[in-house]
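Visitor: Sharing a structure with you now.
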Amino acid sequence: MEQLLLKNREKLQAAIPLINSYNDRFDDLNHWWGKISLIGKINSHNVSDSILEEMLSTKQKFSELQGRLIQNLMKEHLLKRLADDHNKSQVAIDILIRNLFERTADVGFLATDDDIRAFLLDNERKSEDTKKIHHRLEEYVKKYSVYDEIILLDTQGRVKANLDIDSPIEFSEDPLVSKTLSSKDDYIETFRYSDLQPHKRNSLIYSCVIKDSNDTGARTVGILCLCFKFDDEMQSIFSNLQSERAASSIMIVSENREVMATSHSQKFKVGETIPKCGSPDLVTIKHKSFIATTSETKGYQGFKGLSWQGVAMTPLNDAFKHSNEKGQLQTDACQLLNSQLFSDDLKQIFKTSMLINDDLSLVVLNGIIAAARKNAVEFMPVLSEIRLTGESIALIFSDSIDNLQSTVLSARLADVRFCASLAVDIMDRNLYERANDCRWWALTTVFRQYLQLPTIVPDAQQEIANILRYINDLYTVYANLYVYDKNGIIIAVSNNKHTSVVGEKVDTHSGAFDALKCADSQKYSVSKFVPSAQYDDKYTYIYNASITSVERNNVVGGIGIVFDSEPQFTEMLNDSLPKDESGYTVTGCFGMFCQRDGMIISATEGSPQQVGEVIEIDDTLLGLKTGEKDSRITNYQGKKYAIGVAVSKGYREYKTTGDYQNDVVAFIMMPS
């Protein structure tokens, strides 16, 4: 930021209406003071020169302080602008990368689906077989609304089945076919035009080979392509970050700065290239100046995608248009200036301005006494004008410092409010995946075939356990996966640490018995957030889905997936905490996820309260409506904090369609 200020001080200052207003007022008063001083010299024959010198010295002190004040005004307004833009650009790319990480696991799982393998291996497949596999693909996409197409190809690039009936593709010449076949990677990620989706400008496709078994050296029989709803997802991300009338444009850009997605297509179009620049920087595009902020993804679980970046572009003319709006301060100036939220320089300006004004009052008083002694009646109006001018200058300082306080405070409150909203958004998106995972895996044919048998032999149990371990290796956010029969007896687990529970009945609080009552493949159940033996007696959620028989579709068992809540929730909160300019968490900040009743389900390091306790906070904050957010300065545990709070609102169909109700409240605390 310092470089941005250094290189563009005049342009930035000209763009902030408030600073121009203060400068004009200061200039007028300084000019008037100069005129009064000249008149004073002419009419001060009977008064000591030291009086005038002291007045001029006071004027000089005000002038020096004026420069520091303007500098602080510029810095704080720019900080507020950059913080807002950086938050949005960083979140846009990181939320996307988190989402796409899940896709890399999905393609690996679905490529091992036995029904898909059998379909590709059948050289005498009939139209009825194609209908069945199409129905199976539909079942998968019903769980995951993030895909708009699934394509199965043979090793020659011939399309054997695809989900989108409006896209009757038969053959692909896309290089991703040969690249996928020759790659030793687990998947290939492709974003560009593809003849696999000829009606789209660009497609984001995750592809991997399908082998005839899980054995080492198994033969490749085809390719699976999962096509992600990229445009749909980006508009969802953008709409959560800002309104359409917001000044800034948020974009996802490629490594060569080509626009992949944009929040304002009328300002920046998909496919155009924007200039490379520092971050932050002032750039000129189409003869207009923009404040540009670029954010590299922090990645997720080591995954960073295709080297994309998040970018925020704000027209300089609009960047500070709200600088004249003065927020309502929640406490008086002296209290705020003792706060950690304000810089030492700002505190010093406040104190110095009061001292200078006191000095001026003393100088004027001395002048009045001296003029009275010398009977210099002609000097009295000069002193009066000097006093009024000094008071006017002091008033500008007071007003501008109030504005600075308001700017700093509103920026911090906006920051913690944004961070709390981000935390619950990440949580909703993450748990959406968990609700889908359990229903995906419940469709596994091997599970369905074995569980519909009267007795499950040890070899069958081992095969189920092997599949669970394979899935758990792909999806690392789970502590354990387990399959149980229609009586709730655990058949197999993914985590060898929990093999002792095989043969035991599922916990009554696990949500399993709700799943066993429902044959609908779209339904799932979730445990309360309680300690579980499947999670070493720590608090967590367990997601469940029923497993139905292959032909009759009656419930024959279920699958439970144990969310690794402790590190996962903590990481979500840590990623959401306010960061300084270097990207480090602001000292003293911490966060919590709570239930509606106030029970803490996760807390970061530094939190004075821990999981299982009830948060000691104003009940009105726990009573915000679904999707609402707020921020305020308040006391917590005997200390004053800027507190941001937000209530979860769900994501896509998760917690928005009556499928599941479980409001989570995020709190982000910043010492004040």
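Visitor: Please give the length that would be gained between residue 173 and residue 536 if that part of the chain were fully extended, namely 0.36 nm times their separation in residues minus their C-alpha to C-alpha distance (nm, one decimal).
Guide: On the way: separation 363, 0.36 × 363 = 130.68 nm, distance 5.13 nm.
Between residue 173 and residue 536, full extension yields 125.5 nm more.
Visitor: If you keep only loop residues by DSSP, which chymotrypsin sites (Phe, Trp or Tyr not before Pro) in segment 110-167 have at most 10 other Cβ atoms within 10 Å of their Cβ?
Guide: Working: sites: 119, 140, 144, 147; in loops: 144.
Those that pass, being in a loop and sparsely packed, number zero.
Visitor: Something else about it: Give me 136, 9 ranked fewest to most by other Cβ atoms within 10 Å of their Cβ, as a rough exposure proxy.
Guide: So the ranking, lowest neighbour count to highest, is 9, 136.
Visitor: Moving on to the next point. Please order 438, 225, 518, 208 by the number of other Cβ within 10 Å, starting at the fewest.
Guide: On the way: 438 24, 225 27, 518 17, 208 21.
Listing 438, 225, 518, 208 from fewest to most nearby Cβ atoms yields 518, 208, 438, 225.
Visitor: Sort 605-615, 66-76 by packing, meaning the average of other beta carbons within 10 Å per residue, with the highest value first.
Guide: On the way: 605-615: 15.4, 66-76: 18.8.
Result, highest mean Cβ count within 10 Å first: 66-76, 605-615.
Visitor: Using R₀ = 56 Å, calculate the FRET efficiency as 1/(1 + (r/R₀)^6) where r is the Cβ-Cβ separation of residue 284 and residue 61; round to 0.05. All intermediate terms of the calculation are to be shown ahead of the outcome.
Guide: Values: r = 40 Å, r/R0 = 0.71.
My answer for the efficiency is 0.90.
Visitor: Restricting attention to segment 518-591, which trypsin sites (Lys or Arg not before Pro) occupy a DSSP loop and are surrounded by at most 11 other Cβ atoms within 10 Å?
Guide: 552
Visitor: Take each uninterrupted DSSP H stretch in the chain, measure its Cα extent along the helix axis, and return the ones at 15 Å or beyond whose mean Kyte-Doolittle hydropathy is at least -1.0. Present the calculation step by step, with values, prior to reporting the outcome.
Guide: Values: long enough: 2-15 (17 Å, -0.79); 17-42 (38 Å, -0.44); 49-110 (92 Å, -0.30); 127-143 (25 Å, -1.81); 230-241 (17 Å, -0.27); 344-373 (43 Å, 0.53); 380-441 (91 Å, 0.17); 458-474 (24 Å, -0.42); 565-576 (16 Å, -1.07).
TM-like helix candidates: 2-15, 17-42, 49-110, 230-241, 344-373, 380-441, 458-474.
Visitor: How about segment 230-296: which GluC sites (Glu not before Pro) there lie in a loop by DSSP and see at most 15 other Cβ atoms within 10 Å?
Guide: On the way: sites: 233, 244, 255, 258, 272, 296; in loops: 244, 255, 272.
Here the sparse-neighbourhood loop sites are 244, 255, 272.
Visitor: A further question follows. Taking the Cα centre of segment 442-567 as origin, sum charge times position over the Cβ atoms of Lys and Arg (+1) and Asp and Glu (-1), and report the length of that vector in debye to the nearest 20.
Guide: That gives segment 442-567 a dipole magnitude of about 280 debye.
Visitor: Right, another one. Magnitude of the Cβ-charge dipole of segment 576-671, K/R +1 and D/E -1, about the Cα centre, nearest 20 debye?
Guide: Values: 10 positive and 13 negative charges, 41 e Å.
Roughly 200 debye for segment 576-671.
Visitor: Which lysines, on any chain, are close to residue 321 with Cα under 17 Å apart, when same-chain ones fewer than 8 places away are left out?
Guide: Leaving aside lysines fewer than 8 places away in the same chain, those within reach of residue 321 are 11, 75, 80, 288.
Visitor: Output the peptides 584-593, 628-637 sorted from most to least packed, where packing is the average of other Cβ atoms within 10 Å over each peptide's residues.
Guide: Numbers: 584-593: 19.2, 628-637: 16.3.
Result, highest mean first: 584-593, 628-637.
Visitor: May I pose another question? Please give the FRET efficiency for residue 345 paired with residue 20, using the beta carbon to beta carbon distance and R0 = 25 Å, rounded to the nearest 0.05. List each step's numbers first, then the result.
Guide: Values: r = 22 Å, r/R0 = 0.86.
My answer for the efficiency is 0.70.
Visitor: Net charge around residue 179, counting only other residues with Cβ within less than 15 Å of its Cβ (Lys, Arg = +1; Asp, Glu = -1)?
Guide: Local net charge: -4.
Visitor: If the chain between residue 132 and residue 301 were fully stretched, how many nm would it gain, using 0.36 nm times the residue separation less the Cα-Cα distance?
Guide: Values: separation 169, 0.36 × 169 = 60.84 nm, distance 3.56 nm.
So the chain would gain 57.3 nm between residue 132 and residue 301.
Visitor: Can you figure out the FRET efficiency of residue 584 with residue 455, using R₀ = 56 Å and their beta-carbon distance, to the nearest 0.05? Walk me through the intermediate numbers first.
Guide: On the way: r = 58 Å, r/R0 = 1.04.
With a Förster radius of 56 Å, E is 0.45.
Visitor: Tell me which label goes with the value of log10 I(q)/I(0) by the Debye sum over Cα atoms at q = 0.05, 0.07, 0.10 Å⁻¹ computed from the coordinates here: [x] -0.30, -0.57, -1.07; [y] -0.23, -0.46, -0.93; [z] -0.34, -0.59, -0.99.
Guide: Structure-derived value, by its label: [z].
Visitor: In debye to the nearest 20, how big a dipole does the chain give about its Cα centre with +1 on each Lys and Arg Cβ and -1 on each Asp and Glu Cβ? Write out the running numbers ahead of the final one.
Guide: Values: 74 positive and 92 negative charges, 224 e Å.
The dipole magnitude comes to about 1080 debye.
Visitor: Pulled fully out, how much extra length does the chain show between residue 402 and residue 625, if you take 0.36 nm times their separation in residues and subtract their Cα-Cα distance?
Guide: Working: separation 223, 0.36 × 223 = 80.28 nm, distance 3.25 nm.
My answer for the length gained is 77.0 nm.
Visitor: What spacing in nm lies between the two simple spin-label points modelled at residue 165 and residue 656, each 7 Å away from Cα in the Cβ direction?
Guide: 2.6 nm
Visitor: Strictly over 22 Å apart at the Cα level, which of 132/229; 143/517; 538/639; 142/629; 126/160; 229/286 would you flag in this model? Mind showing how you got there, number by number?
Guide: Details: 132/229 24 Å; 143/517 19 Å; 538/639 30 Å; 142/629 31 Å; 126/160 11 Å; 229/286 31 Å.
Over 22 Å apart, Cα to Cα: 132/229; 538/639; 142/629; 229/286.
Visitor: What do you get for Rg/Rh over segment 104-227 if you use C-alpha atoms and the Kirkwood form of Rh? Numbers along the way, then the final one.
Guide: Numbers: Rg = 13.3 Å, Rh = 14.4 Å.
Expressed as Rg/Rh, it is 0.92.
Visitor: Sorting 134, 86 on the 10 Å Cβ count, fewest up front, what's the list?
Guide: On the way: 134 17, 86 20.
Starting with the residue having the fewest Cβ neighbours, the order is 134, 86.
Just so you know, all these numbers are worked out from the coordinates, no wet-lab data involved. Because the structure is a prediction, the values reported are computed rather than measured. Neighbour counts are summed over all protein chains in view; Cβ atoms, including those assigned to glycine, are modelled from backbone coordinates with ideal geometry.
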